[in-house]
Every structure is written in structure tokens, then in C-alpha cells.
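Working notes, structure below.
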Amino acid sequence: MVSPTQADQDELVDAILQELSTTPYAASSLTQLSGGSTNFVFRGILAHPLPLPLPSRSEPEPQPDPTTGKTIIVKHSRDHIRGNKNFPLAVSRCIFEQSMHHALNSFPSPSSNLKVPHHYLFNPRANIQVIEDFPDAVDLKSILVPPSPSPTTEAILTPTVATCIGHDIGVWLRSFHLWASAPAQSALRRELGQNEPMRKLKRLASYDSFINILENFPETLEGIRKPLEEVRETAAREFNKPATDDGGEYWGVIHGDFAACNVLVSDVPSLQTNNPEAPKLVIIDWELAQVGHWAYDLGQMIGDLYEQKHFRQVDSAVWIVRGLVDGYGGLSDELAFRTAIHVGVWLLGWYNRRHPKLPLKGTPEQIAGIVQLATDVILKAWAKDRTWFEASVFAPLFGGTPA
Ligand SMILES: Nc1ncnc2c1ncn2[C@@H]1O[C@H](COP(=O)(O)OP(=O)(O)O)[C@@H](O)[C@H]1O
Ligand SMILES: [Mg+2]
């Protein structure tokens, strides 16, 4: 693992400031943000604040916000992940992200509370994007699991607020999936169908690795290898088809990295009051946008939430799942089983979501528990065992209350 040094970092900041200096987004300083792990993401203070109001999407009159327009997000992509020069990652991902930002300008958001950042500028030579900043927003994962040490280690979301957030995410995701699979978006599907490197990455991190992960727990794998291999082969067939082939009812452009860390929530203090305003949500980080099954978005987010419930006892995560499925308009049995398989595969991916030199996250009981939970949910979904789901913690996938 080769991490960038402080000198590399300083050089990068200078180079980006230089690139921006001849644009309307010249910045006086850049502060690196810690939220993501893949790109170099900074908050920049603009030398000349942007005029207000900002260019509007198809949404009601934007309310001028005194902080808006003074800062920008600057996202710089390299051909490797941020913390490790030896982990290659196709830099073309930022081209697809900016394509999505552009395309989403014509996406009629179901509510003015649900947004995608405006895209201001793309510098393809230096792989720099300048994006609208939501300076008071915090990502949903940090709200569920505040980074330690933190003054608030208590869960801050009541069941009502958590359900409301989940509901809004579900409403947004449904309308995005429908919009992106409509005939009018065929050009977008053709374009995003070319984000092959990110499609490969998604496959590698999910269906190509979950059985290998289970090899580390041979007692769990005993007797269940065959159905798991069927799951893997079915997914492989799907990934081997050109993305632009007709993939059926639940197929189209997906976000591709739909997880709690990529949903920003504004005005967090108001969530702690009993009577909050409807939370304002921002969906960020579109570089894995690709053509695929809707279950990949649903399953990743839901799996991510169950992971927080399992390892940190974050009950509000399951309330978010309930709201999400409801806001999505419910899931047909077919979509629910398919989503559940992806939930299990995502949960097993926990094994690789750490620095390879660090020990596994969790107590021995939690580790054994997550492996069992994940394999159960995959196998029961593969067998379409709805009765098992209705009596389990995953009941919300079928509209029920978790057991
Ligand atoms: N438009 C934005 N407004 C406010 N904060 C943002 C915005 N975009 C990104 N961030 C912050 O930067 C972090 C990393 O951004 P992200 O696009 O997710 O990059 P990565 O691809 O590295 O995950 C986010 O988790 C969030 O904290
Ligand atoms: Mg991110």
C-alpha cells in the first residue's frame, strides 16, 4: 500500500488551485473532506461568491441560502484510489459522473427536498469537477454511526424521523429508476452502458467475491456451496451480457454506489427535535452510475443499513429500511427476493471493506452472526421462502415489521 505523502498532497492542492484560477470558480483555499475514500474531495472557498439564486433545476423557487454560493466542492479523480497508489481505478469514472450530473438536470425530482448537486464545471484534462456544495449537510452514515470520538454517540434519529428519511429516499429512488429506464433516456443508457470499468468493479466486489469470502468460514460453506454457486452463475450471466441489452422490467441506469455515505442530510439539528421539517436529502457520488438491475441500488443501501444494525445495534437503520421500501412503492416478490440476494452479498462484502492488514471488524459473535445472517438471506431469497422472511429481521423487504 503506497499512500500519498503530505508533499504530494500540497502539490495537488496547488495544482488544483492553479487550474481553477482562470475560471469563475477560482478559490482562495481548499480543505480536504474526509467522507469518501476513493477521490480527492475538497471544499473550496470561492474568491468571488457565485451570484444567487443558483441556476435552478425543474423545482419550485429555490430559497436563497446565505451560505450557498460562497463555497464549492472540488472533486479530483486519479487512476487509483485516494489512499493507495497501488489500487488502480479507471479515471474515466469522472466522465460518467459528470454525464450523470448533466443528465439529472432534466430529472424532475419528486420533491424540492430531494436533490442532486448542480454541476458547475468539468476539466477533463485535470479530471477535476466543480460541484454545488451543501455545506451544512452530513452524510447519513455519520448520522447513524457518528465518527468516534464524537459528542453524540447516541442514535439521534427517532423511529419517526428515520422512517421519514427512508421514505423520502425510497420515493426518490423509485422515481429515478423509472425516469432512467424510460424510452426518453435511451441515449443516457447507451452512454452509461460504457462505464464498463465500474461495472467490472461492482461485479468483482460482489458476486465474484462472496464465495471466496465464505472460504474463510468453511463450516458455514459446508453443504450450501451448490446453491451459492448458482447465485454466482446467474449474476455472472447478467454481467456478461452487454449492459445495453434488454434486461427486463427492473433494468436501467442505476446509481451504482447507493449507500448511506452517499446520501447527505441537511439541517441535522432539526432532526433531533420531535417535530422536524421534512429532512432535505442530497444524493451524491455518481461515478459508479451504470446500467444494471434496480436491486443493486436497493440491495446495497438496505445491506448497508443492516450492517449498521448488526454491528452497532443501530435500530433506526431498520426503520429507514421500512420507510425506504414503503416510499419505493413496495417491492414485488420478484424484486424483493432479488434485492435480498444483493443484501446478503453486500453484507458478506463487509469482510473486504477494511484495510487488508487490519483485523476483521466486530466481536467473534458478530463475525459469526454476520456470516450466518448473510448466507441465510441469500439462500432463503434464492429459494423464494417468503415465510422465512416474514418472521425475520428482513421482514420490511416484504412490507412487514422486523422480527
Ligand atoms: N455536494 C456536496 N456537498 C457537501 N459535501 C459533499 C458534496 N459532495 C461530496 N461531499 C462530501 O465529500 C465526501 C466525499 O465525496 P464523494 O463524492 O462521495 O467522493 P468519493 O467518491 O471519494 O466517495 C462525501 O462523503 C461528503 O462528506
Ligand atoms: Mg462517496
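The values are calculated or read from the model by the stated rules, or taken from the named source; none is laboratory data. Predicted model, so just to flag it, every value in this text is computed and none were measured. Cβ coordinates were reconstructed from backbone atoms using ideal geometry, including for glycine residues, and neighbour counts include every protein chain displayed.
The figures follow:
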{"quantity": "Residue in the stretch 26-44 that is farthest from ligand 1 (Cβ to nearest atom), counting only those that are among the β-branched types (Val, Ile, Thr) and within 14 Å of Leu12 (Cα to Cα)", "calculated": "Thr31"}
{"quantity": "Every pair of residues 6+ apart whose Cβ atoms lie under 7 Å, when the first sits in the stretch 111-129 and is among the small types (Gly, Ala, Ser) while the second is part of a loop (DSSP other than H, G, I, E, B)", "calculated": "Ser112/Glu59; Ser112/Pro60"}
{"quantity": "Check on Phe210, buried (at least 19 other Cβ atoms within 10 Å of the Cβ), closer than 30 Å to Pro146 by Cβ, away from ligand 2 (no atom under 16 Å from the Cβ) and among the aromatic types (Phe, Trp, Tyr)", "calculated": "yes"}
{"quantity": "Hits in the stretch 112-143 - residues which are within 13 Å of ligand 1 (Cβ to nearest atom), polar (S, T, N, Q) and either outside the structural domain of Asp267 (by TED's automatic domain parsing) or closer than 23 Å to Arg78 by Cα (or both)", "calculated": "Asn127, Gln129"}
{"quantity": "Of the criteria (1) touching a helix residue (DSSP H, G or I) at 6+ places or on another chain (Cβ under 6 Å); (2) closer than 17 Å to Leu221 by Cβ, which one Gly369 fails", "calculated": "(1)"}
{"quantity": "Condition check for Ile143: at pLDDT below 95 and surrounded by 14 or more Cβ atoms within 10 Å (Cβ to Cβ)", "calculated": "yes"}
{"quantity": "Count of the stretch 111-132 residues which are over 21 Å from the mean Cα position of the chain (by Cα) and aliphatic (A, V, I, L, M)", "calculated": "2"}
{"quantity": "Residue in the stretch 20-41 that is among the β-branched types (Val, Ile, Thr), in contact (Cβ under 8 Å) with a residue 24 or more places away in the chain and assigned to a helix (DSSP H, G or I) present", "calculated": "no"}
{"quantity": "Residue list for the stretch 369-379, restricted to those being more than 13 Å from Glu307 (Cβ to Cβ) and in contact (Cβ under 8 Å) with a residue 40 or more places away in the chain", "calculated": "Gln372, Thr375, Ile378, Leu379"}
{"quantity": "Any chance Ser206 is free of Cβ contacts under 8 Å to residues at least 24 places away in the same chain and closer than 22 Å to Leu324 by Cβ", "calculated": "no"}
{"quantity": "Hits in the stretch 175-234 (condition: closer than 30 Å to Phe107 by Cα and among the polar types (S, T, N, Q))", "calculated": "Ser175, Ser181, Gln185, Ser186, Gln194, Asn195, Ser206"}
{"quantity": "Hits in the stretch 214-248 (condition: of a type in the set (Asp, Glu) and touching a residue at least 60 places away in the same chain (Cβ under 8 Å))", "calculated": "Glu230"}
{"quantity": "Residue within the stretch 160-177 that is away from ligand 2 (no atom under 16 Å from the Cβ) and not in a helix (DSSP H, G or I) present", "calculated": "no"}
{"quantity": "Asp285 part of a helix (DSSP H, G or I), within 15 Å of ligand 2 (Cβ to nearest atom) and not aliphatic (A, V, I, L, M)", "calculated": "no"}
{"quantity": "Test: residue in the stretch 321-341 that is within 16 Å of ligand 1 (Cβ to nearest atom) and touching a strand residue (DSSP E or B) at 6+ places or on another chain (Cβ under 9 Å)", "calculated": "no"}
{"quantity": "Any hit, the stretch 253-265, residues being part of a loop (DSSP other than H, G, I, E, B), modelled with pLDDT under 95 and under 30 Å from Ala162 (Cα atoms)", "calculated": "no"}
{"quantity": "Scope the stretch 213-233; condition surrounded by 11 or more Cβ atoms within 10 Å (Cβ to Cβ) and not in a helix (DSSP H, G or I); matching residues", "calculated": "Asn216, Phe217, Ile224"}
{"quantity": "Within the stretch 173-207, considering residues that are under 22 Å from Val91 (Cα atoms) and touching a Phe, Trp or Tyr at 6+ places or on another chain (Cβ under 6 Å), the one surrounded by the most Cβ atoms within 10 Å (Cβ to Cβ)", "calculated": "Asn195"}
{"quantity": "Criterion (surrounded by fewer than 24 Cβ atoms within 10 Å (Cβ to Cβ), hydrophobic (A, V, I, L, M, F, W, C) and within 16 Å of ligand 1 (Cβ to nearest atom)) met by exactly one of Ala236, Ala259", "calculated": "Ala259"}
{"quantity": "Boolean, Gly36 is at pLDDT below 95 and either buried (at least 16 other Cβ atoms within 10 Å of the Cβ) or within 16 Å of ligand 2 (Cβ to nearest atom) (or both)", "calculated": "yes"}
{"quantity": "Matching residues, the stretch 99-109, being under 14 Å from Gln129 (Cβ atoms) and surrounded by 19 or more Cβ atoms within 10 Å (Cβ to Cβ)", "calculated": "Ser99, Met100, His101, Leu104"}
{"quantity": "Complete set of residues in the stretch 179-209 that are part of a helix (DSSP H, G or I) and among the aromatic types (Phe, Trp, Tyr)", "calculated": "Trp179"}
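This table checks each residue for (1) over 18 Å from the mean Cα position of the chain (by Cα); (2) modelled with pLDDT under 95.
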site	(1), (2)
Gly323	no, no
Leu335	yes, no
Ala340	no, no
His355	yes, yes
Leu358	yes, yes
Val371	yes, no
Val377	yes, no
